[in-house]
Each structure stands twice: as C-alpha cells, then as structure tokens.
Amino acid sequence: MNSSHATPSGQLYRSAAIAIAIAWAMRLIGLVSVLILARTLTPADFGVFALAMVTLAIVDIFSALGLRKALLRVPDPDRSYYDTVWTIQLILLAFLAFVLVALGPVMASFYQEPALAWIIAILASRFLFYGLANIGIVDFERNLELGRDLKMRLVVRLTSFVLTVAAALILRNYWALVIGAVLQGALHCIASYIFHPFRPRFSFRRRAEMLGPSLWMFLAAAAQTLHSEMERFVVGRIGSFGTTGFYSVSRDLSSIFTHDIATALNRVTFVTTAQTGTALGQAPLRLQSMLGTYALLAAPLGLGLAATAENAVHVLLGKQWLGAAPFLQLIAPASAAYAVFKLIISCLQASGRARFAAFLAMGAAFLAAAAIAVAVLLGAKPLEVAAVALATVAFSLIAAIAILALAERIGMAGLMFATARPFLAAGVMLLAIRLLGPWTGSPLFALCTAAATGAITYAATTTLLWLITGRPPGAEANALTLFTTQWRRLRGV
C-alpha cells in the first residue's frame with residue numbers, strides 16, 4: 001500500500017483530466033439513460049423513485065464518517081488501516097440497511113404512497129453492497145491512478161445502464177429504476193475485487209486513529225447531504241409526484257453539467273493538498289487558482305443551462321418534461337455555486353482543518369433549512385422553494401470565501417475576484433442569450449445556436465475581465481498558458 005508523495009505537475013494535470021473524463025463518462029451514460037427512461041416512464045414514476053432516494057440519502061448521512069478521507073491523509077498506511085476502515089464501514093452500512101427497512105412503512109405513510117415501503121426495503125440492499133466493496137480501490141485516488149478507476153466505473157455503469165433500460169422497456173414503471181439502482185451497487189462491489197488485488201479482513205486495530213479525525217468529516221458530509229436533499233424532501237411534501245419528478249430530473253441534469261465535474265476534481269485536489277502538508281494560508285495563489293478554476297468550469301455550465309433551459313429540456317427529455325424548465329433555471333446556477341462551496345470544504349479538510357470545514361458546512365445547511373422553512377410557512381410553492389435555495393447557496397459561497405480569507409489570513413479581494421470573474425462573465429453570457437433570443441427553428445437548432453453564442457460571449461467576457469483587473473495570476477492565466485502551449489505543439493513550434 002505504498003504511495004508517492006511527490007506529485008509532478010504533469011501527473012497532476014493528467015489526473016485532473018482523467019478525473020473530469022470519469023465524471024463526464026459516468027454522466028454521459030447517465031444522460032443517455034435519462035433520455036431513454038424519460039421517454040419510457042412518466043414524471044410520476046420518477047417522482048416516486050425520487051422520494052425513495054431522498055429517504056436513502058437521509059439515512060446515508062450517518063454512513064459518511066469520512067473514513068476514506070481520513071485514510072487518504074495517512075502518509076504511509078499499512079494493511080491494518082485498510083482493514084479497520086473496511087470493517088467499520090461494513091458494520092455501519094449493514095446497520096443502516098436495517099434502519100431503512102424499518103423506515104419504509106413510515107415514509108410510505110408520510111407520502112401516502114404504499115409502494116414506497118417495498119421500494120425502500122429493496123433499495124436498502126445497496127448499503128450492504130457498498131459496505132462489502134473492496135476498500136483497496138482507495139489506492140486509485142492515493143496514487144492518482146485514476147485511469148484504473150475510470151475503467152472500473154465504466155464497466156459498472158455501462159452494465160447497469162443496459163440492464164436498467166432493459167427493465168424499463170419490459171416493466172414500464174418505477175420498478176425499473178429500483179432494479180437499476182440495486183444492480184449498480186452489486187456490480188460496483190464485484191468490480192472492486194476484480195480491479196484491485198487487496199482482500200480486506202475484519203479488524204478494529206486502528207479504530208481510534210481513523211474515527212478521531214473522521215468525526216468532523218462526518219459532520220461536514222452530513223451537513224452537505226442535508227443541504228442538497230432538503231429541497232427535494234420539501235418539494236415532495238408540498239408538491240405532486242409529477243412536480244417532484246420535474247424537480248428531481250432538473251437536479252440530475254444540473255449535476256451532470258456542474259456538480260459532478262467539481263466532485264471529480266475534488267478527488268485530485270484533496271489528495272494533492274493533503275500531500276503538501278501545508279496550511280492553505282501558506283499558498284494563497286494556489287488556493288486562488290483552484291477557486292478560479294472551479295468557477296471557470298462550473299459557472300458557464302450552470303448559467304448556460306439556465307439560459308437554455310426550455311430548449312435543453314425539450315431536446316434532452318422530450319415535450320412531456322417541459323414543466324422541469326422553470327426549475328432548471330434556478331437549480332442549475334445554484335448547483336454551480338455549491339460546487340465551488342464544496343471545494344472550500346474539501347480543501348480545508350485536506351489541510352487538516354476538518355473542524356473548521358464542518359462548521360462552515362453546518363452553517364450553510366442551517367441557513368438553507370431556516371430560509372426554506374420560513375418560505376414554506378409563508379405558503380411558498382415548489383418553484384419558490386428553489387428560488388430561496390439559490391439565494392442561500394449564493395450567500396453561503398460569498399460568506400465562506402470571506403471567512404476562509406480571514407481564518408487563513410489571505411487577501412480577501414484576491415479570492416473574491418478569482419471566483420467572481422467567471423460568474424460575472426457567465427451572467428453576461430446568460431443575458432446575451434436571453435436578449436438575442438428567442439431563437440427560431442427547431443429546439444435542437446435553437447439550443448445549438450444559443451450554446452455557440454454563449455460560448456463566444458463567455459470567452460470574450462472572461463478575457464476582458466481578466467485584462468481589466470490587471471492580468472492577475474490564477475485560473476485565466478493558467479488556461480491561457482495551457483492553450484498557448486497546446487497551440488504551439490499543434491503547429492510544431
């Protein structure tokens with residue numbers, strides 16, 4: 001279980017590229033799956049399944065002990081560390097599976113849908129499969145061997161995709177989604193032993209060392225899960241199954257284009273930050289560059305999806321899903337902002353400030369919960385709940401950057417501008433698409449035209465803002481250097 005602590009820039013860039021490739025590959029398969037399933041099943045089917053998955057997400061909070069991250073922060077772990085993490089994880093997830101089975105009838109009564117009891121009970125088996133999975137695959141992240149991880153995930157996702165679509169074509173109801181989710185967990189478990197030679201054993205030898213730092217990571221993960229799922233929980237209660245389906249699919253589409261890319265990059269930044277062993281305040285330009293890079297990727301995708309919501313939904317999902325477009329206009333920008341917020345949490349955890357990260361995550365979750373609760377008490381509708389959620393995420397991101405700068409004694413302006421420039425450029429892009437529209441022709445042609453217009457506008461505005469602010473070091477400068485290098489290589493210079 002040896003690892004290399006040196007991370008050459010070439011390997012780092014390759015790992016980041018592979019991490020993004022993993023995210024896009026997984027979500028491309030997921031997108032194709034959604035395109036097929038959305039034309040086979042109804043919004044109500046997705047709504048029922050979404051309510052079951054909300055229940056799983058709530059229970060799953062208690063599985064997020066942060067053991068994998070704690071293991072990644074150990075410089076040179078021996079076998080006993082891996083065995084201890086696997087043992088604790090298996091016991092915990094098995095217990096939570098039983099909790100889910102017991103909660104099934106309660107949630108069925110709460111949502112007045114009897115089928116939920118059986119759906120939740122069957123989905124609980126996913127916990128057992130993930131608990132049994134080979135902990136050895138954590139080495140893919142430790143050693144930045146993300147190519148092996150990509151192969152494993154592709155095999156699992158492609159196989160489960162084929163089986164889920166087949167089930168949908170045969171059953172034509174929400175049970176196809178249930179079967180697909182369970183099979184994905186089972187296939188992941190099997191693949192983890194095929195792709196990595198490690199074989200875990202029962203052990204509690206390192207429990208104190210692993211559970212100590214993981215407590216704060218658990219609190220941060222729990223807060224982030226609550227923050228992400230509370231809207232779906234509330235919408236499921238105050239809206240119909242169809243509305244919940246619209247909301248759920250909007251969240252999935254937003255995640256494909258924003259959140260999942262950032263999550264994939266977090267795998268690389270967490271490992272590299274942990275390996276440096278230095279506080280964030282000792283490398284302010286590095287932190288500024290990371291925030292800017294995440295924003296540079298997430299902002300145009302999130303706000304671009306919002307700007308083209310109606311045509312995007314029409315092309316990707318079909319006319320029966322047009323009711324999801326208003327939700328997408330609000331959820332996509334919120335997802336982009338929250339992706340950058342999660343980077344801050346991850347960097348703090350990797351640098352040894354897990355307690356600070358937990359308090360930031362819990363504060364953002366509490367703010368969102370309080371704002372949504374007040375909105376519901378005042379009679380807010382599902383769309384208004386999504387608007388409130390967007391506002392709280394934007395505020396949480398700004399507050400997190402300010403608090404991070406003060407805590408690490410870093411210049412606040414640099415961090416703020418690095419994050420704000422991409423979002424401001426994306427805002428100009430959104431306005432340009434809206435002002436130049438509505439686009440004529442088929443929804444596909446209109447979507448492509450709007451996307452091209454948005455890309456040109458975003459690139460031009462980003463460059464202009466970077467020049468106006470004095471060409472500061474960071475994401476834009478790195479992107480320009482990378483582009484120039486590749487251009488010269490293509491020209492043979």
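The values are calculated or read from the model by the stated rules, or taken from the named source; none is laboratory data. Owing to the predicted nature of the structure, the values given are computational and were not obtained by experimental measurement. Note: ideal-geometry Cβ built from the backbone for every residue, glycine included; neighbour counts use all protein chains shown. Note: accessible area is taken over every heavy atom of the protein model, side chains too, but ligands, DNA and RNA are not part of it. Shrake-Rupley method; radii C 1.70, N 1.55, O 1.52, S 1.80 Å.
Restricting attention to the range 378-390, does a residue exist that is small (Gly, Ala, Ser), in contact with a Leu (Cβ under 7 Å, 6 or more places away or on another chain) and open to solvent by 40 Å² or more (accessible area, probe 1.4 Å)?
Restricting attention to the range 378-390, the residues satisfying the condition of being small (Gly, Ala, Ser) are 379-380, 386-387, 389.
Okay, now just the ones that are also in contact with a Leu (Cβ under 7 Å, 6 or more places away or on another chain), so 386-387.
Those left that are additionally open to solvent by 40 Å² or more (accessible area, probe 1.4 Å): 387.
Looking through the range 378-390, at least one residue is small (Gly, Ala, Ser), in contact with a Leu (Cβ under 7 Å, 6 or more places away or on another chain) and open to solvent by 40 Å² or more (accessible area, probe 1.4 Å).
Is it the case that the range 89-110 has a residue that's open to solvent by 20 Å² or more (accessible area, probe 1.4 Å), in contact with a His (Cβ under 8 Å, 6 or more places away or on another chain), closer than 20 Å to ILE190 by Cα and not in a loop (DSSP other than H, G, I, E, B)? No - not one qualifying residue is present in the range 89-110. Which residues, taken from the range 305-319, are farther than 18 Å from ARG39 by Cα and out of contact with any helix residue (DSSP H, G or I) (no Cβ under 6 Å at 6 or more places or on another chain)? Selection gives nothing. The residue list LEU305, LEU301, LEU291 contains one member that is open to solvent by 20 Å² or more (accessible area, probe 1.4 Å) and either assigned to a helix (DSSP H, G or I) or more than 23 Å from ALA459 (Cβ to Cβ) (or both), which is LEU301.
Determine the pairs where a residue that is of a type in the set (D, E, K, R), located within the range 33-46, has a partner that is open to solvent by 20 Å² or more (accessible area, probe 1.4 Å) with Cβ atoms under 6 Å apart, the partner being 6 or more residues away or on another chain. Listed pairs, sorted by first residue: ASP45/ASN173; ASP45/TYR174. I'd like the residue in the range 311-329 that is open to solvent by 40 Å² or more (accessible area, probe 1.4 Å) and modelled with pLDDT of 90 or more and, out of all such residues, is nearest to the chain's Cα centre (by Cα). Filtering first and then ranking leaves GLN329. Restricting attention to the range 432-451, the residues that are among the hydrophobic types (A, V, I, L, M, F, W, C) and open to solvent by 100 Å² or more (accessible area, probe 1.4 Å) total 3.
Of all the numbered requirements in (1) at pLDDT 75 or above; (2) farther than 30 Å from LEU253 by Cβ; (3) surrounded by fewer than 17 Cβ atoms within 10 Å (Cβ to Cβ), VAL74 misses one, and that requirement is (3). Among the numbered conditions (1) open to solvent by less than 20 Å² (accessible area, probe 1.4 Å); (2) modelled with pLDDT of 90 or more, the only one that VAL182 does not meet is (1).
Restricting the range 330-358 to residues that are open to solvent by 10 Å² or more (accessible area, probe 1.4 Å) and among the aromatic types (Phe, Trp, Tyr), the residue that is modelled with the lowest pLDDT is PHE356.
Quick check: anything in the range 186-201 in contact with a helix residue (DSSP H, G or I) (Cβ under 8 Å, 6 or more places away or on another chain), modelled with pLDDT under 90, farther than 20 Å from ALA117 by Cα and crowded, with 18+ Cβ neighbours inside 10 Å? Within the range 186-201 (the criterion being in contact with a helix residue (DSSP H, G or I) (Cβ under 8 Å, 6 or more places away or on another chain), modelled with pLDDT under 90, farther than 20 Å from ALA117 by Cα and crowded, with 18+ Cβ neighbours inside 10 Å), the answer is no, since none of the residues qualifies.
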